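J.: Take this structure, written in structure tokens, and hold onto it; I'll ask about it next.
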Amino acid sequence: MTTGPPDPGSCLELGGGVRVTSILGGHMRLDGGAMFGVVPRPLWERANPPDERNRVASACRCLLVETPEAKVLVDTGCGDRFDAKGRELFAIDPEITLVDSLAGVGVDPQQITHVLLTHLHFDHSAGALRRDGDELAPVFAGALHIVQRGELDDARNGRSIMRSSYLAQDLAVLTDAAAWTWTEGDAEIVPGVRVEKTGGHTEHHQSVIIH
């Protein structure tokens, strides 16, 4: 998640038929101390002033990677399924949805071929599901979903100091209802898009390289 440029919908042509577009997957607020860690507050609050609850504004930026063979969505943002308590806690703006942001650049969810998740914290993965009556269903039903196998195992088993950022019901529905493949280390997803297991934010976090 970032708070600055590029603006939603901005596009970068990489050549070879590869295009990358910034897609807004939602706005939310999170605790400034948690977000900036060891960076002293007098430094970070200049760029991102906190509200009265010490929360800083954040934008869930996703990437749409279009290649001659595929349309790959990198992360899915926080989603728009929060109840009133969740919307108030995280200052979720329900008017901003990933599907609407994709529509703004002429892409329908059915056109997405791959959903590539860096990790499974809710602010990066919750947008992969939608509310269908009382049930949850994949937004990108025809897409292949991809994450490091170790990340899924840690998320399911609570092996993380940030385990509260994983939503157990989401993980159960998404892994049962969507098509998946699991990366184990570095891998090429499609020509022009590959992942490297970098760790850091989570032990099995993967970074995406577009070339």
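J.: Say the dipole of the chain comes from +1 at the beta carbon of Lys and Arg and -1 at that of Asp and Glu; which of THR118, GLY37, ILE210 then lies farthest toward its positive end?
T.: Among THR118, GLY37, ILE210, the one farthest towards the positive end of the dipole of the chain is GLY37.
J.: Please give the charge dipole size of the chain, origin at the Cα centre, charges +1 on K and R Cβ atoms and -1 on D and E Cβ atoms. Round to the nearest 20 debye. Walk me through the intermediate numbers first.
T.: Working: 19 positive and 30 negative charges, 88 e Å.
The dipole magnitude comes to about 420 debye.
J.: Can you tell me the relative contact order of the chain? Whole percent, Cα pairs under 8 Å, sequence separation 6 or more. Show your work: numbers first, answer last.
T.: Details: 415 pairs, mean separation 36.8, N = 211.
This gives 17 percent for the chain.
J.: So, one more: How big is the charge dipole of segment 65-126 about its Cα centre, in debye rounded to the nearest 20, if each Lys and Arg gets +1 on its Cβ and each Asp and Glu gets -1 on its Cβ?
T.: Values: 4 positive and 11 negative charges, 30 e Å.
My answer is approximately 140 debye.
J.: Okay, next question. Between THR67, THR181, THR76, which gets the highest mean-square fluctuation from a Gaussian network model of the chain, Cα cutoff 10 Å?
T.: THR181
J.: Please state, as a whole number in µm²/s, the translational diffusion coefficient that the Stokes-Einstein equation yields for the chain at 25 °C and 0.890 mPa s, with Rh defined as the Kirkwood radius across alpha carbon pairs. If you can, show how the numbers build up before the last one.
T.: Working: Rh = 17.6 Å.
The Stokes-Einstein estimate is 139 µm²/s.
J.: Relative to the longest principal axis of the C-alpha atoms of the chain, give the angle of the C-alpha long axis of helix 168-177, reported between 0 and 90° and rounded to the nearest 10°.
T.: Orientation of helix 168-177: about 10 degrees from the principal axis.
J.: All other residues with a Cβ under 11 Å from the Cβ of LEU102 taken together, and with Lys, Arg as +1 and Asp, Glu as -1, what is their net charge? Please list the in-between numbers first.
T.: Values: positive: LYS71; negative: ASP100, ASP108.
Neighbourhood net charge equals -1.
We did not get these values from a lab; they are worked out from the coordinates using the rules stated. This one's a predicted model, so the numbers in the text were calculated from it and none came from an experiment. Here the Cβ is made from the backbone with ideal geometry for all residues, glycine too, and neighbour counts use every protein chain on show.
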